[in-house]
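A.B. asks: Supplied in structure tokens, the structure appears directly below.
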Amino acid sequence: MSLEYDYQNQNRNWQADSPSSADNNSDKKIISNFFTLGYQHLFNRIWGIMGELPYTNRYFKTTDETGDIADFTHSSIGDIRLKGIYTGFSEDLSTGLTFGLRLPTGSYKDPDFDPDVEIGSGSTDLLLGGYHMGHLPGIPHWNWFANTELDLPVLHYSGYLPGTEIDAATGAYFNDWTIGAVKIAPLGQVIGSHRWSDSGWQADAPNTGFSRLLIAPGLEFDTAQIRWYMDVGFPVYQHTTGNQLVASQFFKLNISYHF
């Protein structure tokens with residue numbers, strides 16, 4: 001089981017490949033605190049399941065219909081993810097596939113939030129991903145990993161279809177540093193995301209959709225049953241469709257318990 005906390009403060013207006021004046025965007029700030037309870041279980045060396053129950057607290061500062069600045073705060077369960085795991089490609093479980101659904105359990109009709117700012121998407125999405133781990137050739141005690149996942153909305157409420165998104169990451173970590181019973185693994189990774197624009201009459205298609213590349217150094221502390229992991233992501237490339245609020249850093253903390 002795991003508990004993850006993610007934080008992002010979207011307070012910079014961005015257009016295409018560069019910063020843009022705040023006057024070009026009616027939205028001024030979005031602060032999100034994400035809490036995710038996760039569970040993963042392998043029935044055998046081939047098949048497993050995993051689930052994620054998210055909870056989000058979000059602050060939204062925008063320009064209202066009268067031209068005045070208004071701010072709103074909302075908290076809700078987010079969209080639950082349920083996935084299967086297949087790891088039968090090799091004996092060391094280094095390669096696998098994930099597949100499942102993202103369900104419309106999150107709040108998506110709060111009157112103070114735009115559809116693309118809502119905590120929930122209001123759609124049922126197909127999820128398909130894969131991963132691989134291995135040793136870096138010729139470099140002792142260093143391992144590498146890569147993973148990717150496609151999020152494809154297939155069922156949605158009338159008037160709003162969120163954009164399809166694909167996320168991928170690759171990185172390396174040092175695997176031979178211990179202090180007492182604690183294994184310490186410094187790592188670095190590159191994380192890429194691409195999301196197509198939303199569609200539908202309720203969507204703001206000209207100002208949704210993006211491409212982003214992050215560099216994320218991290219650190220992991222691992223004992224026999226408890227693992228602490230943290231990283232900070234820094235954007236090195238961002239491209240937005242229209243004007244959108246972006247964050248300067250992305251913070252993550254994950255604590256997991258192995259039964």
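The values are calculated or read from the model by the stated rules, or taken from the named source; none is laboratory data. It should be emphasised that the depicted structure is a prediction, and the values quoted were computed from it without experimental measurement. Please note: Cβ atoms are built from the backbone with ideal geometry, for glycine as well, and neighbour counts cover all protein chains shown. Accessible surface areas use protein heavy atoms only, side chains included; no ligands, DNA or RNA. Shrake-Rupley method; radii C 1.70, N 1.55, O 1.52, S 1.80 Å.
A.B. asks: State in Å² the accessible area per residue of region 43-87; use a 1.4 Å probe, count heavy atoms of protein chains only, and round to the nearest integer.
C.D. replies: 57 Å²
A.B. asks: Under 14 Å between alpha carbons, and skipping anything fewer than 8 positions from residue 109 in its own chain: which aspartates and glutamates qualify?
C.D. replies: 79, 118
A.B. asks: Quote to one decimal, in nm, the extra length available between residue 224 and residue 26 on full extension: 0.36 nm per residue of separation minus the C-alpha distance between them.
C.D. replies: 66.3 nm is the gain from fully extending residue 224 to residue 26.
A.B. asks: Can you list the equivalent-ellipsoid semi-axes of the chain, largest first and in whole Å, using the square root of 5 times each Cα gyration tensor eigenvalue?
C.D. replies: 34, 21, 17
A.B. asks: Dipole magnitude of the chain about its Cα centre, charges +1 at Lys/Arg Cβ and -1 at Asp/Glu Cβ only, in debye to the nearest 20?
C.D. replies: Computed about the Cα centre, the dipole is about 640 debye.
A.B. asks: Only Cα pairs within less than 10 Å get springs; with that Gaussian network setup on the chain, which residue of 235, 19, 153 has the largest fluctuation?
C.D. replies: 19
A.B. asks: Ok, one more. Considering only protein heavy atoms and a probe of 1.4 Å, how much of the accessible area of region 87-166 is carbon and sulfur, as a whole percent?
C.D. replies: 65 percent
A.B. asks: Give a quick list of trypsin sites (Lys or Arg not before Pro) in region 65-160 that DSSP marks as loop, anything other than H, G, I, E or B, with at most 16 other Cβ atoms within 10 Å.
C.D. replies: Counting only loop positions with at most 16 other Cβ atoms within 10 Å, the trypsin sites (Lys or Arg not before Pro) in region 65-160 are 109.
A.B. asks: Taking Cα atoms of region 149-212, Rg/Rh with Kirkwood Rh, to two decimals?
C.D. replies: Reported Rg/Rh (Cα atoms, Kirkwood Rh): 1.30.
A.B. asks: A further question on this structure: For region 55-181, state the semi-axes of the equivalent ellipsoid (square roots of 5 times the eigenvalues of the alpha-carbon gyration tensor), sorted largest first and rounded to whole angstrom.
C.D. replies: Semi-axes, largest first: 39, 20, 13 Å.
A.B. asks: Under a GNM of the chain (C-alpha, springs under 10 Å), which listed residue has the highest mean-square fluctuation: 206, 111, 162?
C.D. replies: Judging by the Gaussian network model, the answer is 111.
A.B. asks: Which chymotrypsin sites (Phe, Trp or Tyr not before Pro) in region 106-187 pass both tests, a DSSP loop state and at most 10 other beta-carbon atoms within 10 Å?
C.D. replies: The qualifying sites: there are none.
A.B. asks: If you don't mind, another one. Once both labels are modelled 7 Å past Cα along the beta-carbon direction, what's the residue 136-residue 213 spacing in nm?
C.D. replies: The two pseudo-label positions are separated by 1.9 nm.
A.B. asks: Additional query: So which of 29/252; 29/83; 83/183 end up more than 25 Å apart by C-alpha?
C.D. replies: In this structure, 29/83; 83/183 exceed 25 Å between Cα atoms.
A.B. asks: Heavy atoms only, probe 1.4 angstrom, no DNA, RNA or ligands counted: give me 45, 58 ranked by accessible area, highest first.
C.D. replies: Reading off the accessible areas and sorting them downward yields 45, 58.
A.B. asks: Shifting gears a bit: In a Gaussian network model over the chain where Cα atoms closer than 10 Å are linked, find which of 141, 74, 239 has the largest mean-square fluctuation.
C.D. replies: In the Gaussian network model the winner is 141.
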